[in-house]
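One structure is given below, encoded as structure tokens.
The values are calculated or read from the model by the stated rules, or taken from the named source; none is laboratory data. Everything numeric in this text was worked out from a predicted model, so none of it was measured. Quick reminder, even Gly has a Cβ in these numbers, built from the backbone with ideal geometry, and neighbours come from all protein chains shown. Calculation scope for accessible area: heavy atoms of the full protein, side chains included, ligands and nucleic acids excluded. Shrake-Rupley method; radii C 1.70, N 1.55, O 1.52, S 1.80 Å.
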Amino acid sequence: PNKLLTNTKLGQALQDELNRFRVTKEAEIKKSSDDLEKRVTQYKAAVSSMSQERRDEVEAELSGLRRDLERLTRDADAELARRRQKAIKQLEVEVSAILDDYGKKNGYTLILQREFCAFASSTVDISDELVRLLDARRTTP
């Protein structure tokens, strides 16, 4: 599965899409974090001249901003995980169709993932052939 995710055009496109999402979310999180940090610095500089009521207000605002940042981070992580699972599922569907056809055409009784096998000779590894077939399938209309 890792070889198909990294070495096929589909796998690379899926990874590129995930990376674009991750970079976008990281930028949003960084901006929120920087804004919070700026507000905390401003609060610390002005706290001695604030009334207790104003301190309480600002501390409540800062607490809310911290919660928002934590929520943004959690939501981004969850969405990235969901998108990663969706991408893997999409790849699995494509590979499953190819494996079914490949196995029948080549007389295989059983095809296993290397991870589920205690030992397998490199001579029976069909990963490179699957990469070629998957890429060929993606380029044909």
Checking ARG55, ARG83 in turn, the sole residue that is farther than 30 Å from ASP135 by Cβ and basic (Lys, Arg) turns out to be ARG55
Just for region 79-107: of the residues that are of a type in the set (D, E, K, R) and surrounded by 15 or more Cβ atoms within 10 Å (Cβ to Cβ), which one is nearest to ARG137 (Cα to Cα)?
-> GLU94
Close pairs from region 74-103: first part of a helix (DSSP H, G or I), partner modelled with pLDDT of 95 or more and open to solvent by 80 Å² or more (accessible area, probe 1.4 Å), Cβ under 7 Å, at least 6 apart = LEU80/ARG22
Identify, please: which residue in region 91-141 is of a type in the set (Phe, Trp, Tyr) and over 22 Å from THR6 (Cβ atoms) and is, among those, modelled with the lowest pLDDT?
-> PHE119
Scan region 37-52 and give yes if some residue there is touching a residue at least 24 places away in the same chain (Cβ under 8 Å) and not small (Gly, Ala, Ser), otherwise no.
-> yes
Taking only region 1-43 into account, find how many residues are modelled with pLDDT under 95, in a helix (DSSP H, G or I) and either hydrophobic (A, V, I, L, M, F, W, C) or more than 20 Å from ASP77 (Cα to Cα) (or both).
-> 12
